[in-house]
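Presented below is the structure to which this report refers.
Where a number appears in this text, it was derived from the coordinates with a stated rule and is not lab data. Every value quoted in this text rests on a predicted model; they were computed, and no experiment measured them. As a convention, Cβ positions derive from the backbone with ideal geometry for all residues, glycine included, and neighbour counts pool all protein chains shown.
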Amino acid sequence: MKEITEHDLIYKVLELIEMKIKFNPNQNNIEGGNTTILIDKIFSIMNNNGDIYNVNQAGAVGPNSSAQNNTFTQNNLNLGDDYNFEALLEELQKLKKAMKSNAENPEEFTSVTEIAYAEVAAEKKEGNKVIQHLLKAGKFALQTAKDVGVELVASIIAKHTGMG
C-alpha cells in the first residue's frame, strides 16, 4: 500500500473543495476573493512537483534548462566577521532618525524602510544583508549619511554603488 504524503492529502482536500464549489456555486468567495482562482493557483504550485527556485543569479534554472557562453560577475557584499557591527548599528539608528524627519516622498520613505531593514541585519551581524539594504536605500540615504556625519554607512554605500 502506498504511503500517503502531505502533498497527496492536500491535493485530495483541494479536490473536495473544488467539487463542493461546483455543486454549490453560490459559496465561491473567500473574503471577497474567488475561491476557484485560489484553488487553481494551489493546484498549479502543487503540480510543479516541488521544484521551487529562489535564485539571485543563474545561467539556467529548472529541468532541461541549459546555458552556454555566459559571463558572471560575482560581487562579494560582505563586511567581514570582525566588522564593528555595534558602531554600524549606532550610525544606522542615527541615520534612520534623520531620514525620517527629512523624508518627503514615497521613494525617500522607502529608503528609510531599507535603513530599518539594514538595522535589523546589523543586529544579527549579517553583513551581506546590511549591504543589500543600504544599496536599496540609495542616494537619499547616502546624502543624509554625509549630512549627519555617519561615516561608516556613507562609506559602505559609496563603495558599493560608485556614488561618491
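Annotations for the structure displayed:
- Taken along the Cα-to-beta-carbon direction at a fixed 7 Å, the label points for ASN69 and ASN102 span 4.8 nm.
- Cβ crowding within 10 Å, taken as a proxy for footprinting-reagent exposure, orders ASP8, ASP82 from fewest neighbours to most as ASP82, ASP8.
- Cβ-Cβ distance of TYR83 and THR110, R₀ of 30 Å, FRET efficiency by 1/(1 + (r/R0)^6): the value works out to about 0.70.
- Percent of Cα pairs exceeding the 16 Å cut-off, where the set is the range 85-161: 36 percent
- Spin-label pair LYS12-LYS159: with each label point 7 Å from Cα along the Cα-Cβ axis, the two points sit 5.7 nm from one another.
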